[in-house]
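Asker: My questions will all concern the structure given below.
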């Protein structure tokens, strides 16, 4: 087990009706707020009115910025930074999923910085301060509600990049599984893949003595696998929705990282797909993860045997471990297919025209991953395996 330093300070407020607490939570930090969210569904199902009333009852002045898109855009972040600076905003409330939260995180650090916020994503600057942020989570998927990471897309060249710093973790996250009842099935399924990918990026490590986080990771994976079909079949199954919602948080709050080296190659390979083709991040990961597994499993076959055995309940055959591994990968693909996620680029209408360009962009700062160091040529081969 590697040395580690773990601290997650986000307060989680979880359960039925907890969105009624948002005003009191915000009032601890300030009285001028930027309300940041995505599309019209927030208003359509009544959550917007409930939040606004709760905030105004606490005497909080609200400035709004909606319109966050999946794969959130730099241009909207710059607009949010201007609103906050012009109006001396002292708190940001993100209502939505990972896109709204990441956009809000970027606004928060941009307000406290004299240069361009994209500098943080290009690693030209490190974060030293941010506006405090709260979250009302409506889409469990990205885990951004308690994470220290932020992903943004720059429309100038369609670059999708990230940065991480503990300073951007939200102060609180309000999580009511009831607000996820109306999520479209595709969004629910893509979210489940996103959660699984966050666990798998950590699970596939070459560090051997990490039994506790292995078992925790396997438990989260099995919980997602068990409950995703339930919520797709019965969208108002509160208990299954609750399991999925908290799995999103545990998958990406840093707990599963402790003592091990994570990989993150699959995420960075997928970022090039969703940046150029604007598909849902979870759908892109459903395509890339099995291809990555097929390409790298021989590097550490024992870990893939463990994954197949503990997550998919495949009996270990010591005479033919490769067959066990391939069956585990096959069942992973079959699960993604069963929840109507693509597992091939062709299913997302993506051909091989840009494989070299995407691989070049992905490796412009060097190789990807830690489980296996992947070169540009390796990434092209993974895209080909995913065709």
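The values are calculated or read from the model by the stated rules, or taken from the named source; none is laboratory data. The structure displayed is predicted, hence computed values, not measured ones. All Cβ positions, glycine included, derive from the backbone under ideal geometry; neighbour counts span all protein chains shown.
Asker: Is it the case that some residue within region 297-318 is in a loop (DSSP other than H, G, I, E, B), in contact (Cβ under 8 Å) with a residue 24 or more places away in the chain and under 22 Å from the mean Cα position of the chain (by Cα)? Let's see the steps before the verdict.
Answerer: Taking region 297-318 first, the residues in a loop (DSSP other than H, G, I, E, B) are 313-318.
From what's left, in contact (Cβ under 8 Å) with a residue 24 or more places away in the chain: none.
Within region 297-318, not a single residue is in a loop (DSSP other than H, G, I, E, B), in contact (Cβ under 8 Å) with a residue 24 or more places away in the chain and under 22 Å from the mean Cα position of the chain (by Cα).
Asker: Scan region 59-77 residue by residue and report those that are more than 22 Å from the chain's Cα centre (by Cα) and farther than 13 Å from residue 34 by Cα.
Answerer: Pass one, region 59-77, residues more than 22 Å from the chain's Cα centre (by Cα): 59-64.
Of everything in region 59-77, just one residue is more than 22 Å from the chain's Cα centre (by Cα) and farther than 13 Å from residue 34 by Cα, namely 59.
Asker: Taking strands (runs of 3 or more DSSP E) that do not extend beyond region 27-106, which have at least 2 residues that are modelled with pLDDT of 95 or more and under 22 Å from residue 148 (Cβ atoms)?
Answerer: 32-37, 91-96
Asker: Test of understanding: among 35, 65, which residue is touching a helix residue (DSSP H, G or I) at 6+ places or on another chain (Cβ under 6 Å) and surrounded by 15 or more Cβ atoms within 10 Å (Cβ to Cβ)?
Answerer: 65 is the lone residue from the list that is touching a helix residue (DSSP H, G or I) at 6+ places or on another chain (Cβ under 6 Å) and surrounded by 15 or more Cβ atoms within 10 Å (Cβ to Cβ).
Asker: Conditions first: (1) over 30 Å from residue 349 (Cα atoms); (2) modelled with pLDDT of 95 or more. Residue 269 passes all but one, so which condition is the exception?
Answerer: (1)
Asker: In the set 123, 105, 85, which member is surrounded by fewer than 17 Cβ atoms within 10 Å (Cβ to Cβ), in the same structural domain as residue 24 (by TED's automatic domain parsing) and under 23 Å from residue 23 (Cα atoms)? Walk me through how you get there before you give the answer.
Answerer: On the way: 123 fails: under 23 Å from residue 23 (Cα atoms); 105 fails: surrounded by fewer than 17 Cβ atoms within 10 Å (Cβ to Cβ).
Of the residues listed, the single one that is surrounded by fewer than 17 Cβ atoms within 10 Å (Cβ to Cβ), in the same structural domain as residue 24 (by TED's automatic domain parsing) and under 23 Å from residue 23 (Cα atoms) is 85.
Asker: Now for a separate question. Out of all the residues in region 128-142, is one or more outside the structural domain of residue 243 (by TED's automatic domain parsing), without any contact (Cβ under 8 Å) to a residue 60 or more places away in the chain, assigned to a helix (DSSP H, G or I) and in contact with a strand residue (DSSP E or B) (Cβ under 7 Å, 6 or more places away or on another chain)?
Answerer: Scanning region 128-142 turns up no residue that is outside the structural domain of residue 243 (by TED's automatic domain parsing), without any contact (Cβ under 8 Å) to a residue 60 or more places away in the chain, assigned to a helix (DSSP H, G or I) and in contact with a strand residue (DSSP E or B) (Cβ under 7 Å, 6 or more places away or on another chain).
Asker: May I pose another question? Considering region 90-115 alone, what residues qualify as being in contact (Cβ under 8 Å) with a residue 40 or more places away in the chain, in contact with a helix residue (DSSP H, G or I) (Cβ under 7 Å, 6 or more places away or on another chain) and closer than 12 Å to residue 130 by Cα?
Answerer: Listed by number, the residues that qualify are 91, 92, 105, 106, 107, 108, 109.
Asker: Any residue at all in region 185-196 that is surrounded by fewer than 24 Cβ atoms within 10 Å (Cβ to Cβ) and over 18 Å from residue 251 (Cα atoms)? Can you show your working first?
Answerer: Our first condition is that a residue be surrounded by fewer than 24 Cβ atoms within 10 Å (Cβ to Cβ); within region 185-196, this holds for 185-188.
Narrowing the set further to residues that are over 18 Å from residue 251 (Cα atoms) leaves 185-186.
Yes: one or more hits.
Asker: Further question on the same structure: Any idea how many residues of region 122-153 are under 27 Å from residue 280 (Cα atoms) and touching a helix residue (DSSP H, G or I) at 6+ places or on another chain (Cβ under 8 Å)?
Answerer: Here is the first cut: in region 122-153, the ones under 27 Å from residue 280 (Cα atoms) are 122-123, 133-153.
Okay, now just the ones that are also touching a helix residue (DSSP H, G or I) at 6+ places or on another chain (Cβ under 8 Å), so 133-153.
Selection size over region 122-153: 21.
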